[in-house]
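Report on one structure; see the data block that follows.
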Amino acid sequence: MVATGPQEHEALAAAAQPLLQVRDLTLEYRAERRTVRATHEVSFDVQQGDRFVLLGASGCGKSSLLKAVAGFLPPRSGDILLQGQPVTEPGPDRVVVFQEFDQLPPWKRVLDNVAFGLVASRQCGKAEARERAAQALATVGLSRAAEAYPHQLSGGMKQRVAIARALAMRPRVLLMDEPFAALDALTRRGLQEELLRLWAELRFTLLFVTHSIEEALLVGNRILLLSPHPGRVRAELDAESFDFASAGSAAFQAQQQRIHRLLFNPESGS
């Protein structure tokens, strides 16, 4: 046996610790003069490099969970830890890509849209921000659109710009809230494939929200199933073995049916 010193023990402990820890998280928000409970005592861990999916029907609190991890929604109770430190406010280590196409300021060219977060967060100066923005646009295949304005882009291209803007920030966790839900089926599939290509290249940590069982199996390596009203953890599943090549397989369809039962008819068994 090889003896290890304090520094080695700390490094091993850090490696074993999940990147993101959510512990007994209860979330509430105000709506029409009443308090709505979005989630109830939800717990899960996200490891470095995970593609972790929050899956459930509308009203299960998955978007609220994403907002809480981003630092926008304070918990009613429970804890969120990033690298062992409490999340108490938004920060550049967590960047969100939303579903809406209008998240890009229309008066800024594409390159400046991508560079904006870097400058606003003071991560770097304008020259370096534009250089990193150009690299991010190249990564998503949009170098030729750098000088275009958002209104000149298709919906799919706008989402690729939003992804480039998020990746340029080099966040610890990339948060995506149903980012492809409003797109047509072909564009959606293309961006799902693009996201996985980027993940394979950059190995970022992804926390992804969807209500599509198929998308959860294609995008995620781990899936957390949430019950509705308020969201509670129903199950956590491994989806590592599924990809686009297996999407039509009997095993893929069987897992889809199993997830559907767990979400909507849990009493029937798994």
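Throughout, read-outs are computed from the coordinates displayed, never taken from laboratory work. Treat the numbers as computed from the prediction; the structure is a model and nothing was measured. Cβ sites come from the backbone with ideal geometry, for glycine too, and all protein chains shown count toward neighbours.
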Could you pull out every residue, at least 5 positions away or on a different chain, whose amide H is within less than 5 Å of the one on A148? Hs are placed 1.01 Å off N in the peptide plane, and Pro or chain starts have none. V110, L111
What are the residues whose amide H is under 5 Å from the amide H of A239, where those residues sit 5 or more places off or on another chain and H is modelled from the backbone? R222, I223
Sort 156-169, 197-210 for me by packing, meaning the mean count of neighbouring Cβ atoms within 10 Å per residue, highest on top. 156-169, 197-210
How long is the gain from S249 to T35 if the chain were fully straight, where each residue apart is worth 0.36 nm and the alpha carbon distance is subtracted? 72.6 nm
Need the full-extension length gain, R122 to Q48, defined as separation in residues times 0.36 nm minus the C-alpha distance. One decimal, nm. 24.1 nm
Per the helix-only calculation at 222 nm, which mean residue ellipticity applies to the chain, given -39500 (n - 2.57) for every DSSP H run of n ≥ 4 and division by its residues, nearest 500 deg cm²/dmol? -11500 deg cm²/dmol
Ranked packing of 180-192, 36-48, most packed first, by mean Cβ within 10 Å: 36-48, 180-192
Match the structure shown to one of the listed values [x] 0.91; [y] 1.00; [z] 1.05 of Cα Rg over 2.2 N^0.38 Å, computed from it, and give that label. [z]
Qualifying lysines (Cα of each under 23 Å from Cα of K67; at least 8 residues distant if same chain): K158
Quote the charge dipole size of the chain about the Cα centre in Debye, to the nearest 20; the model charges only the Cβ of Lys and Arg (+1) and of Asp and Glu (-1). 660
Mean shadow area of region 104-170 over all directions, Cα convex hull, nm²: 3.8
Across region 135-144, in residue order, what do the Karplus-derived ³J(HN,Hα) couplings come to in whole Hz, using 6.51 cos²θ - 1.76 cosθ + 1.60 with θ = phi - 60° and x for Gly and Pro? 5, 5, 5, 5, 4, 9, x, 10, 4, 5
Would you mind computing, in nm to one decimal, how far apart the modelled labels at S77 and R232 are, each placed 7 Å from Cα along Cα→Cβ? 1.4
Could you go through region 38-49 in sequence order and give the Karplus-derived ³J(HN,Hα) for each residue, using 6.51 cos²θ - 1.76 cosθ + 1.60 with θ = phi - 60°, rounded to whole Hz, and x for Gly and Pro? 7, 9, 10, 6, 8, 9, 6, 10, 10, 7, 4, x
Please report the antiparallel percentage of the DSSP beta bridges confined to the chain, to the nearest 5. 50
When the chain is modelled as a GNM with alpha-carbon springs shorter than 10 Å, which of E32, E215, E178 fluctuates the most? E32
Nothing charged except the Cβ atoms of Lys and Arg (+1) and of Asp and Glu (-1): what's the magnitude of the dipole of region 104-170 about its Cα centre? Round to the nearest 20 debye. 80
On the formula 1/(1 + (r/R0)^6), with r taken between the Cβ atoms of R23 and S154 and R0 of 45 Å, the FRET efficiency rounded to 0.05 is 0.65
